[in-house]
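Asks: The structure follows.
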Amino acid sequence: MMALMLFISFLVLIFLGFPIAFSLGLSSVLYLVVADISLSIIPQKMFEGLNSFVLLCIPGFILAGNLMNVGGITNRLIDFANSILGRVRGGLGLANVGASMGFGGISGTALADTASIGGILIPAMKKEGYGAGFSVAVTASSSTVGPIIPPSLPMIIVGTLASLSIGDLFVGGIIPGIMIGLGLMIPTYIISVKRNYPKGEAKSFKEIVKSFFGAFWALLMTLIILYGILGGIFTPTEASIVAVIYALIIGIFVYRELPVIEIPKIMLNTMTTTASIMLLVGFANLFGWILISEQIPQMVADVILGISTNKYIVILLILALVLFVGTFMETIAGLVILFPVLLPVATSIGMDPIHFGVTMVLAMIIGVVTPPVGVCLFVASQIGKVSMGTATRELLPFLLVSVIVLLLVAFIPALTLYLPSLFN
């Protein structure tokens, strides 16, 4: 009964428009008051959730992404992708996806991808004759690549929750991230041909090389981070600081587009974003403690395994649950709540924790483009000035591709575990 009250109050607060963090916090406080548990448990559990050295890399990677974005990275990645793909029918749409794959190695977040690349390419695509809804759908769907290709903030959260190797999670996301990017190019091309969308002029080899070197320093950042972590040169937290220093050097001295006077503003934006994430993690840890106290993980495991003990059926049930939750819950909050609950179920059927972690992140990330809480779809729709209904209809082919990739990743462990195995 108490657990039911917790969930009902949480859902009511969400549908009333409260932010996820406050919905988690207020429903948890209500539970504690009704259950007559001392409210002193609130700061204790929030501190426990935040008392992790690894979480310190979150502000570092956010700051590095913001610095690189303001420092000219977005335009260079778009130019490079367009120099290769622009000559094809629907080339600007394909370049949109390609730029997201490159930008994903910098920001680690889907929303940053949508806002930065979408702010440039959605108006450009509309101007070239692409449908507004199509432009929005391509931008929103390709933003899901960002949190899969390393570095990835959701992967950091998952690694912290289950004491998993951040490096292994990062590397495990490389192949799935590339699969999503290449997969999304398929409906982009097919729809572009069907609707006779324009194609750009073919670039000369010299122009392609020039655009590559323009984006080279940005793309190198991902390799430095991965090599440093996997080579044991620095921890993920130290890697985030290296990324910040690298972004400053590239933005100020190489690209020369990062105004020093803008740095305080960028840091303030980073602190605001970090604070919202940390508040969310703290309240989610309190919420998670209540779930454990109410033995919700065991109940969920019993329900799922009571339906079937077949490995493949159980995986499908888990994915269905995560995809459903992802439609109305923010990614990090969903991971903090669901991952500890579902991990025992996944390991009981033989799933490797790294494999399950990457699969969970991918499933939750699909939620950022699905109504009613698809924040990336909402932002892209605002940029493209189209209704959510129109954007959702255009999104369906891209959503189908994302779900197919999710199923492949879930049922073929090698797609996630092969690369990490090379470093262990």
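The values are calculated or read from the model by the stated rules, or taken from the named source; none is laboratory data. Predicted, not measured: the structure shown is a model, and the values here were computed from it. Please note: Cβ atoms are built from the backbone with ideal geometry, for glycine as well, and neighbour counts cover all protein chains shown. Protein only, heavy atoms only, side chains kept; ligands, DNA and RNA dropped before computing areas. Shrake-Rupley method; radii C 1.70, N 1.55, O 1.52, S 1.80 Å.
Asks: Filtering the stretch 394-424 down to residues that are over 24 Å from Ile349 (Cα atoms) and at pLDDT below 90, which residue is surrounded by the most Cβ atoms within 10 Å (Cβ to Cβ)?
Replies: The residue in question is Phe423.
Asks: Being open to solvent by 70 Å² or more (accessible area, probe 1.4 Å) and free of Cβ contacts under 8 Å to residues at least 12 places away in the same chain is the filter here, so list the residues in the stretch 197-209 that pass it.
Replies: Phe205, Lys206, listed by residue number.
Asks: Ok, one more. Only one residue in Leu121, Leu111, Leu164, Leu67 is in a helix (DSSP H, G or I), open to solvent by 10 Å² or more (accessible area, probe 1.4 Å) and either in contact (Cβ under 8 Å) with a residue 24 or more places away in the chain or more than 29 Å from Ile263 (Cα to Cα) (or both), so which one is that?
Replies: Working: Leu121 fails: open to solvent by 10 Å² or more (accessible area, probe 1.4 Å); Leu164 fails: in a helix (DSSP H, G or I); Leu67 fails: open to solvent by 10 Å² or more (accessible area, probe 1.4 Å).
Only one candidate passes the filter, namely Leu111.
Asks: Output the residue which, of all residues in the stretch 349-393 that are over 22 Å from Ala115 (Cα atoms), of a type outside the set (Asp, Glu) and open to solvent by 40 Å² or more (accessible area, probe 1.4 Å), is farthest from the chain's Cα centre (by Cα).
Replies: Applying the first criterion (over 22 Å from Ala115 (Cα atoms)) to the stretch 349-393 yields 349-360.
Next cut, of a type outside the set (Asp, Glu) only: 349-351, 353-360.
Subset that is open to solvent by 40 Å² or more (accessible area, probe 1.4 Å): 350, 353.
On the way: Gly350: 26, Pro353: 19 Å.
Selected residue: Gly350.
Asks: Same structure, new question: Given the conditions (1) surrounded by 24 or more Cβ atoms within 10 Å (Cβ to Cβ); (2) closer than 20 Å to Met360 by Cβ, which single one is not true for Thr188?
Replies: (2)
Asks: Output the residue which, of all residues in the stretch 40-55 that are among the hydrophobic types (A, V, I, L, M, F, W, C) and at pLDDT 80 or above, is farthest from Pro147 (Cα to Cα). Step through it out loud before you land on a result.
Replies: Looking only at the stretch 40-55, we keep the residues that are among the hydrophobic types (A, V, I, L, M, F, W, C), and these are 41-42, 46-47, 50, 53-55.
Restricting the remaining residues to those that are at pLDDT 80 or above gives 41-42, 46-47, 50.
On the way: Ile41: 32, Ile42: 30, Met46: 25, Phe47: 26, Leu50: 21 Å.
In this case the residue turns out to be Ile41.
Asks: Which of (1) assigned to a helix (DSSP H, G or I); (2) at pLDDT 85 or above; (3) within 28 Å of Leu286 (Cβ to Cβ) is the odd one out, the single condition Gly177 does not satisfy?
Replies: Of everything listed in (1) assigned to a helix (DSSP H, G or I); (2) at pLDDT 85 or above; (3) within 28 Å of Leu286 (Cβ to Cβ), Gly177 misses just condition (3).
Asks: Sticking with this one: Yes or no: the stretch 50-64 includes at least one residue that is free of Cβ contacts under 8 Å to residues at least 24 places away in the same chain, crowded, with 24+ Cβ neighbours inside 10 Å and part of a helix (DSSP H, G or I).
Replies: The answer is no, given that none of the residues of the stretch 50-64 is free of Cβ contacts under 8 Å to residues at least 24 places away in the same chain, crowded, with 24+ Cβ neighbours inside 10 Å and part of a helix (DSSP H, G or I).
Asks: Taking the condition of being open to solvent by 40 Å² or more (accessible area, probe 1.4 Å) and modelled with pLDDT under 80, how many residues in the stretch 210-222 meet it?
Replies: Total meeting the criteria: 1.
Asks: Run Met267 past the list (1) touching a Ser or Thr at 6+ places or on another chain (Cβ under 9 Å); (2) surrounded by fewer than 21 Cβ atoms within 10 Å (Cβ to Cβ); (3) of a type outside the set (Gly, Ala, Ser) and report the number of the one that doesn't hold.
Replies: The number of the failed condition is (1).
Asks: What residue, among those in the stretch 23-37 that are at pLDDT 85 or above and open to solvent by 70 Å² or more (accessible area, probe 1.4 Å), is nearest to Ile156 (Cα to Cα)?
Replies: Leu26
Asks: If you don't mind, there's one more thing I want to ask. Tell me which of these Tyr227 doesn't satisfy, since it passes every other one: (1) buried (at least 20 other Cβ atoms within 10 Å of the Cβ); (2) assigned to a helix (DSSP H, G or I).
Replies: Against the list (1) buried (at least 20 other Cβ atoms within 10 Å of the Cβ); (2) assigned to a helix (DSSP H, G or I), Tyr227 comes up short only on (1).
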